[in-house]
Amino acid sequence: MGAFTHHIFVCCNRREPGNCRGCCDPDGGEALRAAFKAEVKKRNLGPLVRANKAGCLDQCELGPTVVIYPQGIWYGGVRLEDVSRIIEETVIGGRVIDELVIPPEKLNCPPASRKGE
Ligand code: FES
(Lines give C-alpha, C1' and ligand atoms only; values in the text may rest on other atoms or scores of the structure.)
Protein backbone atom coordinates (compact mmCIF):
# COMPACT_ATOMS: atom_id res chain seq x y z
CA MET A 1 0.00 0.00 0.00
CA GLY A 2 1.21 3.47 -0.79
CA ALA A 3 1.96 5.95 1.94
CA PHE A 4 -1.15 8.07 2.10
CA THR A 5 -0.94 11.36 3.96
CA HIS A 6 -4.54 10.80 5.05
CA HIS A 7 -6.40 7.52 4.77
CA ILE A 8 -10.03 8.18 5.63
CA PHE A 9 -12.10 5.20 6.68
CA VAL A 10 -15.83 5.79 6.57
CA CYS A 11 -18.05 3.30 8.34
CA CYS A 12 -20.67 2.03 5.93
CA ASN A 13 -21.95 -0.74 8.15
CA ARG A 14 -25.66 -1.42 7.99
CA ARG A 15 -27.77 -3.29 10.51
CA GLU A 16 -31.41 -4.14 10.42
CA PRO A 17 -33.78 -1.52 11.87
CA GLY A 18 -34.28 -1.94 15.57
CA ASN A 19 -30.81 -3.33 16.24
CA CYS A 20 -29.80 -2.18 19.69
CA ARG A 21 -26.45 -0.82 18.51
CA GLY A 22 -27.82 1.05 15.53
CA CYS A 23 -25.45 1.57 12.64
CA CYS A 24 -23.67 4.24 10.64
CA ASP A 25 -25.42 3.68 7.31
CA PRO A 26 -29.03 2.71 8.00
CA ASP A 27 -30.20 2.99 4.40
CA GLY A 28 -27.12 1.26 2.98
CA GLY A 29 -26.56 4.06 0.48
CA GLU A 30 -22.94 4.78 1.43
CA ALA A 31 -23.65 8.48 0.89
CA LEU A 32 -21.05 9.60 3.42
CA ARG A 33 -18.27 7.61 1.78
CA ALA A 34 -19.33 8.88 -1.63
CA ALA A 35 -19.22 12.46 -0.35
CA PHE A 36 -15.68 12.04 0.99
CA LYS A 37 -14.57 10.42 -2.23
CA ALA A 38 -16.11 13.23 -4.30
CA GLU A 39 -14.56 15.92 -2.12
CA VAL A 40 -11.10 14.34 -2.39
CA LYS A 41 -11.48 14.20 -6.14
CA LYS A 42 -12.85 17.74 -6.41
CA ARG A 43 -9.83 19.11 -4.57
CA ASN A 44 -7.34 16.95 -6.48
CA LEU A 45 -5.99 15.41 -3.28
CA GLY A 46 -5.42 11.98 -4.76
CA PRO A 47 -3.41 9.83 -4.74
CA LEU A 48 -2.05 10.87 -1.33
CA VAL A 49 -5.48 11.17 0.27
CA ARG A 50 -7.90 8.30 0.00
CA ALA A 51 -11.40 7.67 1.35
CA ASN A 52 -12.38 4.05 1.78
CA LYS A 53 -15.46 2.20 2.87
CA ALA A 54 -15.04 0.53 6.24
CA GLY A 55 -17.05 -2.07 8.04
CA CYS A 56 -18.06 -1.51 11.62
CA LEU A 57 -15.42 0.45 13.52
CA ASP A 58 -17.01 -0.53 16.84
CA GLN A 59 -18.08 3.00 17.76
CA CYS A 60 -21.64 2.49 16.52
CA GLU A 61 -23.41 4.43 19.25
CA LEU A 62 -21.25 7.46 18.43
CA GLY A 63 -21.60 7.26 14.65
CA PRO A 64 -21.66 7.82 11.86
CA THR A 65 -17.99 7.15 12.46
CA VAL A 66 -14.95 8.22 10.46
CA VAL A 67 -11.31 7.61 11.34
CA ILE A 68 -8.35 9.22 9.63
CA TYR A 69 -4.96 7.51 9.66
CA PRO A 70 -2.07 7.78 10.27
CA GLN A 71 -3.16 10.70 12.45
CA GLY A 72 -5.62 8.50 14.34
CA ILE A 73 -8.34 11.15 14.41
CA TRP A 74 -11.75 9.71 15.27
CA TYR A 75 -14.83 11.66 14.33
CA GLY A 76 -18.36 10.75 15.37
CA GLY A 77 -21.80 11.98 14.45
CA VAL A 78 -20.44 12.91 11.04
CA ARG A 79 -23.07 14.34 8.69
CA LEU A 80 -22.89 14.93 4.97
CA GLU A 81 -22.55 18.65 5.62
CA ASP A 82 -19.39 18.01 7.68
CA VAL A 83 -17.46 16.41 4.83
CA SER A 84 -16.22 19.55 3.11
CA ARG A 85 -15.15 21.02 6.46
CA ILE A 86 -13.27 17.86 7.45
CA ILE A 87 -11.37 17.90 4.19
CA GLU A 88 -10.71 21.63 4.41
CA GLU A 89 -9.77 21.90 8.07
CA THR A 90 -8.35 18.50 8.99
CA VAL A 91 -6.91 17.08 5.79
CA ILE A 92 -5.67 20.31 4.22
CA GLY A 93 -5.33 22.53 7.27
CA GLY A 94 -4.10 19.95 9.76
CA ARG A 95 -6.59 21.03 12.43
CA VAL A 96 -8.75 18.72 14.48
CA ILE A 97 -12.42 19.71 14.63
CA ASP A 98 -13.08 19.45 18.34
CA GLU A 99 -16.85 19.16 18.19
CA LEU A 100 -16.63 16.07 15.98
CA VAL A 101 -13.92 14.26 17.91
CA ILE A 102 -14.85 11.10 19.75
CA PRO A 103 -13.14 11.62 23.09
CA PRO A 104 -10.39 9.07 23.68
CA GLU A 105 -12.03 7.91 26.90
CA LYS A 106 -15.08 6.81 24.89
CA LEU A 107 -13.14 4.85 22.29
CA ASN A 108 -12.99 1.12 22.80
CA CYS A 109 -15.31 1.26 25.78
CA PRO A 110 -17.96 -1.37 26.32
CA PRO A 111 -20.90 -0.32 24.10
CA ALA A 112 -23.31 -0.11 27.02
CA SER A 113 -21.25 2.65 28.60
CA ARG A 114 -21.64 4.82 25.51
CA LYS A 115 -25.43 4.59 25.24
CA GLY A 116 -27.34 7.82 25.28
CA GLU A 117 -24.35 9.98 24.58
S1 FES B 1 -21.79 0.56 12.61
FE2 FES B 1 -20.37 2.22 12.31
S3 FES B 1 -19.00 2.01 13.95
FE4 FES B 1 -20.29 0.28 14.12
Considering residues that are more than 12 Å from the chain's Cα centre (by Cα) and surrounded by fewer than 19 Cβ atoms within 10 Å (Cβ to Cβ), the number found within the range 73-92 is 6
Of (1) over 23 Å from PRO104 (Cα atoms); (2) touching a residue at least 12 places away in the same chain (Cβ under 8 Å), VAL83 fails just (1)
Just the residues that are more than 9 Å from the chain's Cα centre (by Cα) and surrounded by 14 or more Cβ atoms within 10 Å (Cβ to Cβ), please, taken from the range 58-72. ASP58, GLN59, CYS60, GLU61, LEU62, GLN71
Residue set VAL67, VAL40; condition within 15 Å of the ligand (Cβ to nearest atom) and among the β-branched types (Val, Ile, Thr); output residue VAL67
Expected single match for free of Cβ contacts under 8 Å to residues at least 40 places away in the same chain, within 15 Å of the ligand (Cβ to nearest atom) and of a type in the set (A, V, I, L, M, F, W, C) among CYS12, CYS24, CYS60, CYS20 is CYS20
Candidate set from the range 93-114 (those that are among the hydrophobic types (A, V, I, L, M, F, W, C) and modelled with pLDDT of 90 or more); member that is surrounded by the most Cβ atoms within 10 Å (Cβ to Cβ): ILE102
Residue hits (the range 24-38; closer than 11 Å to PRO64 by Cβ and modelled with pLDDT under 95) are PRO26
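The values are calculated or read from the model by the stated rules, or taken from the named source; none is laboratory data. Quick caveat, the model's predicted, so the values are computed rather than measured. Counting neighbours? That spans all protein chains shown, and the Cβs are built from the backbone with ideal geometry, glycine included.
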